[in-house]
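The values are calculated or read from the model by the stated rules, or taken from the named source; none is laboratory data. Everything quoted here is computed from the prediction, not taken from an experiment. Please note: Cβ atoms are built from the backbone with ideal geometry, for glycine as well, and neighbour counts cover all protein chains shown. When the accessible area is computed, the model is the full protein with side chains, heavy atoms only, and any ligands, DNA or RNA have been set aside. Shrake-Rupley method; radii C 1.70, N 1.55, O 1.52, S 1.80 Å.
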Amino acid sequence: YQCDWSSDVCSSDLFALGVTYRMDAAPIALIAGAGAFLCVWLAGRIGFAAVAGLLALVAASWGVLASLAWSNDLPVWFTQHFTRNWGLRIEIWHRVDELIRARPLAGYGFDAARIVGEPNAVAVGVAREVDFLHPHNGLLQVWLELGVVGVALFLAWSALALFGLQRRATDRADLGFILATAIALSVFWEVSFGIWQGWGLADIVLTFI
């Protein structure tokens, strides 16, 4: 697909692709990004800080929230009412949360998710079990593999990156686009991509082009 990045036609094509592509995270990312932009447009840097703080809180709580969902049989409900994929992911996040609780400080080593995921296969309303090669959540993968130190470094890097970008903003529109982009990227990290996997790294590169 060839695209002139300065073209309005290209922008509209990419937006249409994001809305219609067969991936639930894409329209969710667009909606979340639009909401973040609106918050900054209305509240300026206060809105920026509030949304960024909320993102950090949700990301840090994802494993606990997934375990609560699992304990209330929500994986089965999501499988029955949406897609089997969402039920499986809640189960995966819960299994990862259990593994993290077993070794919260040290983790299991870089890129260990594909190994520790094998004996923690999941099955939601189906006979076939599914191993997870990565947790489908960037922060959970960092915690699972690199422990608390890795999480602290990841959050510190993210905060510094956002702080540096927001200092470059000349008006609320710039500030809103910066946060909207970060929020949209974070949606993919929260529900879909592994942080070291090629598609996750490609997502980061495309975000900052």
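For the stretch 55-71, the candidate set comprises residues that are within 12 Å of Val191 (Cα to Cα) and of a type in the set (Gly, Ala, Ser); within that set, the residue that is surrounded by the fewest Cβ atoms within 10 Å (Cβ to Cβ) is Ala59.
At least 3 residues being modelled with pLDDT of 90 or more is the threshold, and among the helices (runs of 4 or more DSSP H) wholly inside the stretch 1-95 those reaching it are 25-71. Within the stretch 68-85, residues that are under 22 Å from Val58 (Cα atoms) have Cβ atoms under 7 Å from residues that are modelled with pLDDT under 75 in these pairs: Pro75/Val124, counting only partners at least 6 apart in sequence or on another chain. Selection of the stretch 166-192 for residues being open to solvent by 30 Å² or more (accessible area, probe 1.4 Å) and in contact with a Ser or Thr (Cβ under 9 Å, 6 or more places away or on another chain) yields only Thr181. For the stretch 96-107, taking the residues that are open to solvent by 60 Å² or more (accessible area, probe 1.4 Å) and outside any helix (DSSP H, G or I), the one that is farthest from Ser61 (Cα to Cα) is identified as Ala106. The set of residues in the stretch 142-186 being outside any loop (DSSP other than H, G, I, E, B) and among the polar types (S, T, N, Q) consists of Ser158, Gln166, Thr181, Ser186.
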